[in-house]
Amino acid sequence: MGDLRASSAGDREPTMGAEELFFSTTDRRGVIRQGNSVFVRISGYPLEELVGAPHNTVRHPDMPGGVFRLIWDRLTAGRSVGAYMKNRTRDGGSYWVFAAISPLHDGYVSVRMAPCGPRFELVKRVYAQASRVEREAVLRDGMNRHDAALLGMAEIEASLWKRGYASYEEFMLQALPEEISARSQRTSTAYARPDARGSIAEVLSGTGALDEVLDELVGRLAAYQKVGNELASTSAKVLDIAHRLNTSVAAAQRASELVADSAPVLVNVARVMAKPMDRSVASLERLQAECGRLRDDVAHLRFQISLASLYNDMAAAFAAEVFDRAAPPESLTAVPLLCDAAGSCIEEMSEQVQRVNTSLHDVANLVAETGTLLEEFRRFIGQWRNLVLRHNAGPALGDAVRPIDEEISVSWEWMELLRHLGGQYESAIVPFDPAFLQTHLDKIRTAPAAL
């Protein structure tokens, strides 16, 4: 990709600009095929030394092998992955990046950016602990490096679990969108070249249009995610109350049996009112499960959008570099590959959007169903209370009535909030037109051929 030569960093640590992006492709074994000018400048290696070398040429010894185990497990399963990485320069310096890597054709494509998200400091501590565990396993216990890496991987996931992440997957799905968002705030006009003409202008125009669509999707999903988190928390609260109400209703049924001779109707109503209560609990449990699925689907969708956005930005960066004469025109041969990578993201996004839209509809229906069932229960409990008064059964049933009254008073405030949140999902939908996005990708993909 042209004569990209390294400049020595000497004793100083190389600095990566917020707008800069590394680019590389490798074969399935991790041997480098392509690299860009940023990779060359930061790493200190001439491109001719990088191409044909294994990517672990730039691996820093501080990096735990468990991170690479996590990465390769996902890549060999055909899945994209994101990870914080500490790399080593040619002269022994170091630098951090957040790397996004995807399977592509017969190899992998990777784009890396300077990390600035809120999880960066956490990951440094997690990696340091995993490295200590691996070193001890090798030096003290004589474990081979392969097994030590597996131990390190388990340590990373255990450390993240202690900090509230169910898995590395959950951490990664949150980290990439946050890194993209933090970067976008600092580089929104980094690749604007109003004086560009011809093929370069076509690439920049196409990437700009694609960026607008992806940004709109991210904004909508962020709003849904916020409502979804509130809804999950609220439904959990209502479910907790419903469980207690169910216990109180069972107590009321037992208490009603004590006055069955003088007020048999109380027994019948207590038995009937238990049915909508049981169904409410079941509906709320389904709602909790559906909220969890929706949260997972939204997280995966945001990850794929962020990934497509990053590959789109990399294509724009190549065009801007060529326009600025910071890279040779043949650098644009990487643009079609990036379009292919973004296209794969769009295919996955299409399936995920369908799942998210289905989940939005299901959540709204479950909230409505739960509200109807609790309303039905409320009518029956009111009827039962009136019968208690009519038959002067209050003294006998006092201990059973009091907890029900208290729980109903609390539950209704939470149920109103749940209905409000569910109403925001009632007609919600994530708009998505993959054909429109592919049209822009095709425009970007073909532009370099005319240069």
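Worth pointing out:
- Packing rank of 59-66, 42-49, where each peptide gets the mean count of other beta carbons within 10 Å, highest leading: 42-49, 59-66
- When each of 162/237; 162/226; 124/237 is checked by Cα-Cα distance, pairs over 27 Å: 124/237
- Extension gain, residue 59 back to residue 129 (0.36 nm per residue minus Cα-Cα distance, nm): 23.4 nm
- Nitroxide proxy distance, nm - points 7 Å out along Cα→Cβ at residue 391 and residue 293: 4.3 nm
- When the helices of the chain are scored as -39500 (n - 2.57) per DSSP H run of n ≥ 4 and the total is divided over every residue, the value at 222 nm lands at -24000 deg cm²/dmol.
- Positive-end residue, the chain charge dipole about Cα centroid, Cβ charges, pick of 307, 168, 42: 168
- Distance from the Cα centroid of region 188-224 to that of region 55-107 is 27 Å (rounded to whole angstrom).
- Equivalent ellipsoid semi-axes - Cα gyration tensor, region 349-451, angstrom: 57, 10, 8
- Surrounding net charge for residue 186, when Lys and Arg each add one and Asp and Glu each subtract one, Cβ distance under 12 Å: -2
- Evaluated over the chain, the Cα radius of gyration and Dmax, each in Å: 29.1, 99
- Length added when fully stretched, residue 325-residue 143, from 0.36 nm per residue minus Cα-Cα: 60.5 nm
- In region 228-279, Rg over Rh equals 1.19, where Rg is the alpha-carbon radius of gyration and Rh the Kirkwood radius from pairwise Cα distances.
- Taking Lys and Arg as +1 and Asp and Glu as -1, the other residues whose beta-carbon sits under 13 Å from that of residue 196 total -1.
- Here the extension length gained between residue 351 and residue 413 equals 18.6 nm, from 0.36 nm per residue of separation less the Cα-Cα distance.
Laboratory data are not the source of any read-out in this text; all were calculated from the coordinates shown. Predicted model, so just to flag it, every value in this text is computed and none were measured. Cβ sites come from the backbone with ideal geometry, for glycine too, and all protein chains shown count toward neighbours.
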